[in-house]
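To start, the structure under review is shown below, and the notes come after it.
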Amino acid sequence: MSAIKTLINKQNRKVSIAIIGLTNSGKSELVKRILQSDEHILASVGNTSEFEFQMFGNLTLLTWDLKNSIPANKALWKRSILGADALFFVVDTIDRESFDLNRKLLLELVYENFPIRLLILGSKSDLPSSASVGELINSLRLMELDSTKCKCDLFKYSSKTGEGLYAIEEWLNKVLFKQRERIINYIKIAACMAFFEESNTQMGAILDDTPNISLLTIMREVKRKIVIFSRTMRYHDIGEEVIKIANYKVIIVKLHTKIVALIVGSNDSIPRAIEIAKNIHKVIHPYNDQAVKLHKIISDLYPLDIA
Ligand SMILES: Nc1nc2c(ncn2[C@@H]2O[C@H](COP(=O)(O)OP(=O)(O)O)[C@@H](O)[C@H]2O)c(=O)[nH]1
Ligand SMILES: [Mg+2]
């Protein structure tokens, strides 16, 4: 389950997210990534050429292919897209020629529908020519948007590597469920696993003093997940994935040829876990696994984070 799907399915209500953007901006890939379509999708309908929706449990994802202007007068647009609980506007960060048109569409959207809350998503962050956040802000002239009419945030993400998806989940949590950002100083790391692609070796450490059977089983499952993750990410230098197994969350971070997975509590902060995983990356090595054990690294550096 993706973190976003898990978040929505935890709520006792239906949630619809509208994802709009030009054709090819990356909407369908994002839907696939959120729904992780190995699981059964309950409904998938293409009513018109531009509109699609997919449902999974409490979550409905609606996508709309934008053309040269915002379809202000269409009933379907108003009912489905503007009526959704959250609105994502996807911009292809490698298609610089589309920035002007995206800018025009954004203005139309805001000035016809204010006040509006928007999450602008720069897709394809995994590609080398991807525009930076700064370039996007300038090109889309986001600073000039009237803040009384539009409250917007901007993140970059990749449907291929998973980078940035946890930030989207945090945003939904904050905006949709009015929950405070989960700024917790520490998390509970139950176990950690590292995988070195070059030597094809793994090292693992259980940090929970009283590991139960389920944690041991989860470790085995994580081992398997890391190998699969490594295969899917083989052409990518950076990747992130968050999965839920039983009562734990597993945060997997790849940097270059190393992968680190942290098994944390299901309510722990994902950004904090990702930050720790990235720090562990810096200090582990395939060659010193005997001398420097993961357990020691974590207990020295993050004593409060141990379960
Ligand atoms: N490298 C990369 N390619 C992507 C990403 N998202 C989408 N694409 C590719 O961009 C093209 C258009 O994506 P799609 O989701 O179908 O766009 P849509 O028309 O907005 O639904 C496809 O070839 C996708 O494989 C991404 O995050 N990274
Ligand atoms: Mg599509």
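For the chain, which span is the longest to avoid every loop-located (per DSSP) member of chymotrypsin sites (Phe, Trp or Tyr not before Pro) having at most 16 other Cβ atoms inside 10 Å?
It runs 1-176.
Viscosity 1.306 mPa s, temperature 10 °C: give me the Stokes-Einstein translational D for region 3-176 in µm²/s, with Rh taken as the Kirkwood radius over C-alpha pairs.
Estimated via Stokes-Einstein, D reaches 98 µm²/s.
So what's the net charge close to T63: Lys and Arg +1, Asp and Glu -1, counting the other residues with Cβ under 10 Å from its Cβ?
-2
Which of M143, I263, G21 sits farthest toward the positive end of the charge dipole of the chain, with +1 on the Cβ of Lys and Arg and -1 on the Cβ of Asp and Glu?
My answer, from the dipole projection, is I263.
Starting from the Cα gyration tensor of region 189-305, take the square roots of the eigenvalues, sort them a ≥ b ≥ c, and report rounded, prolate or oblate (rounded when a/c is under 1.5, otherwise prolate if a/b is larger than b/c, else oblate). It would help to have the intermediate numbers written out before the result.
On the way: a/c = 1.40, a/b = 1.17, b/c = 1.20.
Because its axes are fairly even, with a/c under 1.5, region 189-305 counts as rounded.
Once label points are set 7 Å from the Cα along Cα→Cβ at both E29 and S129, what is their separation, rounded to one decimal in nm?
Here the answer is 1.4 nm between the modelled labels.
Counting other C-beta atoms within 10 Å, which of I70, I8 has the fewest, and how do the rest follow?
Going from sparsest to densest Cβ surroundings: I70, I8.
Could you state the orientation-averaged shadow area of the convex hull built on the Cα atoms of the chain, in nm² to one decimal?
16.5 nm²
Please give, to one decimal in nm, the separation of the simple spin-label points placed at S199 and E112, each 7 Å out from Cα toward the Cβ.
6.0 nm
Can you give the net charge of the other residues whose Cβ lies under 13 Å from the Cβ of I245, counting K and R as +1 and D and E as -1?
Values: positive: R220, K223, R224, K225, K244, K249; negative: E221, E241.
Surrounding charge for I245 is +4.
Would you mind ranking E275, E144, E163 by Cβ crowding within 10 Å, fewest neighbours first?
Ascending Cβ contact count within 10 Å gives the list E144, E275, E163.
Measure out, as a whole number of angstrom, how far apart the alpha-carbon centroids of region 155-174 and region 253-307 sit.
21 Å
So for the chain, averaging the separation of alpha carbon pairs under 8 Å that are six or more residues apart and normalising by length, what relative contact order in percent results?
Contact order relative to length: 15 percent.
For region 151-229, which trypsin sites (Lys or Arg not before Pro) are in a loop by DSSP, counting at most 13 other Cβ atoms within 10 Å?
Of the trypsin sites (Lys or Arg not before Pro), the ones in loops of region 151-229 whose Cβ has at most 13 other Cβ atoms within 10 Å are K178, R180.
For a label point 7 Å from the Cα of D208 along Cα→C-beta, name the residues of region 241-257 whose backbone N is under 13 Å from it.
245-250
In nm, what is the difference between 0.36 nm times the number of residues separating N9 and D100 and their Cα-Cα distance?
So the chain would gain 29.1 nm between N9 and D100.
Determine the shape class of region 72-149: with a ≥ b ≥ c the square roots of the Cα gyration tensor eigenvalues, call it rounded for a/c under 1.5, and otherwise prolate if a/b is greater than b/c, oblate otherwise.
prolate
List the DSSP H helices in the chain whose Cα atoms stretch 15 Å or more along the helix axis and whose mean Kyte-Doolittle hydropathy is at least 0.5.
213-232
By counting other Cβ atoms within 10 Å of each Cβ, how are D85, D209 ranked from fewest to most?
D209, D85
Go through K160/K293; K5/K160; K188/K293; K223/K244; K151/K249 and tell me which ones have a Cα-Cα distance over 21 Å in this structure. Could the numbers behind the result be given before it?
Working: K160/K293 31 Å; K5/K160 17 Å; K188/K293 18 Å; K223/K244 14 Å; K151/K249 31 Å.
From the list (K160/K293; K5/K160; K188/K293; K223/K244; K151/K249), the Cα-Cα distance tops 21 Å for K160/K293; K151/K249.
Debye sum, Cα scatterers, region 129-181, no solvent: what log₁₀ I/I(0) at q = 0.28, 0.30 1/Å?
Each listed q maps to, in turn, -1.08, -1.09.
No lab work stands behind these numbers, since they all come straight from the coordinates. Quantities reported herein were computed from a predicted structural model and do not represent experimental measurements. Methodologically, a virtual Cβ is constructed for each residue, glycine included, from the backbone with ideal geometry; neighbour enumeration extends over all protein chains shown.
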